[in-house]
1. Yes or no: region B:136-156 includes at least one residue that is free of Cβ contacts under 8 Å to residues at least 12 places away in the same chain and outside any helix (DSSP H, G or I).
2. Looking only at region A:156-170, filter to residues that are of a type in the set (D, E, K, R) and more than 23 Å from A:Phe37 (Cβ to Cβ); which one of those is farthest from the other protein chains (Cβ to nearest Cβ)?
3. With respect to the numbered conditions (1) at pLDDT 85 or above; (2) more than 21 Å from A:Ser173 (Cα to Cα); (3) not acidic (Asp, Glu), which one is the sole condition not fulfilled by B:Ser177?
4. I'd like the full set of residues that are surrounded by fewer than 18 Cβ atoms within 10 Å (Cβ to Cβ), within 11 Å of chain B (Cβ to nearest Cβ) and not β-branched (Val, Ile, Thr), limited to region A:127-155.
5. Give me the helices (runs of 4 or more DSSP H) completely within region A:1-115, filtered to those with at least 1 residues that are more than 18 Å from the chain's Cα centre (by Cα), surrounded by 15 or more Cβ atoms within 10 Å (Cβ to Cβ) and in contact (Cβ under 8 Å) with a residue 40 or more places away in the chain, ordered by residue number.
6. Which condition breaks for A:Ser173 when tested against (1) at positive phi; (2) of a type outside the set (A, V, I, L, M); (3) within 14 Å of chain B (Cβ to nearest Cβ)?
7. Please go through region B:153-178 and give me each residue that is more than 7 Å from every other protein chain (Cβ to nearest Cβ) and of a type in the set (A, V, I, L, M), ordered by number.
Amino acid sequence: MSDNRIEGYARALFEIARAEGNIDTVEAELYQLARAFESSDALRSKLTDDQIPAARRQAIVEDLIGATAANTTVQLVSLVIGSGRGRDLPAIVDKLVRRASSSKHLEVAEVRSAVPLTAEQQSRLAATLTSVTGKQINLKVVVDPSVLGGLVATVGDTVIDGSVRTRLDNVKSRL
Amino acid sequence: MNHISLLAVDPAQSRHWLFPEPAEIIYGGIASLIIFAALWKFAVPAFKKALGARTERIQKELDASANDLSKAQADATQIRQALGDIESEKARLLADAKAQADALLADGRARLTAEIAELEAKADADIAAAASRGSDELRNEIGRLAGVATDRVIASVLDDSTQQALVENFIAKVGASR
């Protein structure tokens, strides 16, 4: 899908979530869902399979997150999946998150970690990244076992890599 | 009845009944001379002419026969010569064919030898490449397995406290880089 369409969907979803008054919750849930969508081949293939009717794909979404996510989140994901834009869900969500962060004068910082971070760790990490980048940070933590250990923080175009995976890859390449 | 009357001529007559009258002899002789003269003048030349023509025709036929005979003999000679030429041509063609066959055989042998040598060289190269490829694949596989094993070992070593220490270390290092 073209960037204009992705931008259009992101703007529409953002406006709906903001109108519903739960943009922070929706943004966070959509972000987690987008990362799960990226990491799970089975989920991705189910939600992007044109052979499966749209209503069936929307039912899968409701079964998956209907019980835990906000109603607005479920409705927005169903909208994207039902319109056949499932493949672009991560890109749309990323644009939405950036737009939501910009509206609050925040910079999105994606942090990949092998283990979940506590709220206190997230708070300290956000403060540290704010002091390093000079920007207010909207921290998004993604649990990614492939990191093995440590963290990888991405703020805009800046990547701060302190992962065991990268150190191991460096050692392997040297060998 | 007439014959009987002729035989019954009177013997007293002066002239024999079988002899003609003198005048008849004269007239007859003159007429005969005229006839002979006419024959000599007109019939003999025509006869001579016819005889000459016939002689000439026979001569022509003899000449034609002689010509045909000589032509037939020439043809026979030519045919014999041609037969001789055919034999020599046959021998020449056979010799040419044999020479070409020998050349083809020699060329085929040379080409076959070259192809065998090329195939042997290619087979040697393929064997060497396969051995090298197998070695590379083995090396890559060993590297991949070593990587997987390393990941597993490190994942098992990285317990929760180590993970937390790594996170804290990251925060501290990033904070220190201000």
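1. Taking region B:136-156 first, the residues free of Cβ contacts under 8 Å to residues at least 12 places away in the same chain are B:136-156.
Within this subset, residues satisfying the condition of being outside any helix (DSSP H, G or I) are none.
No, region B:136-156 contains no residue that is free of Cβ contacts under 8 Å to residues at least 12 places away in the same chain and outside any helix (DSSP H, G or I).
2. Taking region A:156-170 and keeping what is of a type in the set (D, E, K, R), we get A:157, A:161, A:165, A:167, A:169.
Still in the running and more than 23 Å from A:Phe37 (Cβ to Cβ): A:157, A:161, A:167, A:169.
Numbers: A:Asp157: 16, A:Asp161: 9, A:Arg167: 10, A:Asp169: 9 Å.
Here the residue is A:Asp157.
3. Tallying (1) at pLDDT 85 or above; (2) more than 21 Å from A:Ser173 (Cα to Cα); (3) not acidic (Asp, Glu), B:Ser177 fails exactly one: (1).
4. Residues satisfying the conditions are A:Ala127, A:Ser131, A:Gly134, A:Pro145, A:Ser146.
5. Numbers: elements: A:3-20, A:23-39, A:41-48, A:54-65, A:71-82, A:89-103.
Helices (runs of 4 or more DSSP H) meeting the threshold: A:3-20.
6. Failed condition: (1).
7. Those that are more than 7 Å from every other protein chain (Cβ to nearest Cβ) and of a type in the set (A, V, I, L, M): B:Val153, B:Val157, B:Ala165, B:Ala172, B:Ala176.
One line per residue, one yes/no per condition, for (1) within 25 Å of A:Thr133 (Cβ to Cβ); (2) in contact with a strand residue (DSSP E or B) (Cβ under 9 Å, 6 or more places away or on another chain); (3) of a type in the set (A, V, I, L, M):
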residue	(1), (2), (3)
B:Asp136	no, no, no
B:Asn140	no, no, no
B:Leu145	no, no, yes
B:Arg152	no, no, no
B:Ala165	yes, no, yes
B:Glu168	yes, no, no
B:Lys173	yes, yes, no
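The values are calculated or read from the model by the stated rules, or taken from the named source; none is laboratory data. This one's a predicted model, so the numbers in the text were calculated from it and none came from an experiment. Neighbour counts run over all protein chains shown; Cβ positions are idealised from the backbone, glycine included.
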